[in-house]
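Here is the structure we will look at, set down as structure tokens.
The values are calculated or read from the model by the stated rules, or taken from the named source; none is laboratory data. These numbers were taken from a predicted model, which means no experiment stands behind them. We place every Cβ from the backbone using ideal geometry, glycine too, and count neighbours over all the protein chains shown. Heavy atoms of the whole protein, side chains included, go into the accessibility calculation; ligands, DNA and RNA do not. Shrake-Rupley method; radii C 1.70, N 1.55, O 1.52, S 1.80 Å.
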Amino acid sequence: MGNLTRLQDAKLVNLYNVSTNGFEVALRASRVRLKKVKLIASLRLHLTPDVVKTLKARGCRIRWD
């Protein structure tokens, strides 16, 4: 997870064996520099509002597909 702090653009779709918790851990680890992220729409209902709020506050654009 240490290398995720350098991640700026991520497309996290079509990942079938990743739990909601796994997505949250990755998003929290990469929130420092993440500018764009594409997520599956169903995650919108399952991610904690804190994660989404923090990403948006840091200027990250979230695309829900």
Cβ-Cβ under 7 Å pairs, at least 6 apart or on other chains, segment 9-28 side farther than 11 Å from ILE40 by Cβ, far side of a type in the set (Lys, Arg): ASP9/LYS35; ASP9/LYS36
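Where residues in segment 52-63 are of a type in the set (A, V, I, L, M, F, W, C) and over 14 Å from ASP9 (Cα atoms), which of them is most open to solvent (accessible area, probe 1.4 Å)? I'd like the intermediate steps shown before the answer.
Taking segment 52-63 first, the residues of a type in the set (A, V, I, L, M, F, W, C) are 52, 55, 57, 60, 62.
Now restrict to residues that are over 14 Å from ASP9 (Cα atoms): 52, 57.
On the way: VAL52: 29, ALA57: 88 Å².
The qualifying residue most open to solvent (accessible area, probe 1.4 Å) is ALA57.
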Filter result (at pLDDT 90 or above, open to solvent by less than 30 Å² (accessible area, probe 1.4 Å) and not in a strand (DSSP E or B)) within segment 28-51: LEU43, LEU47, VAL51
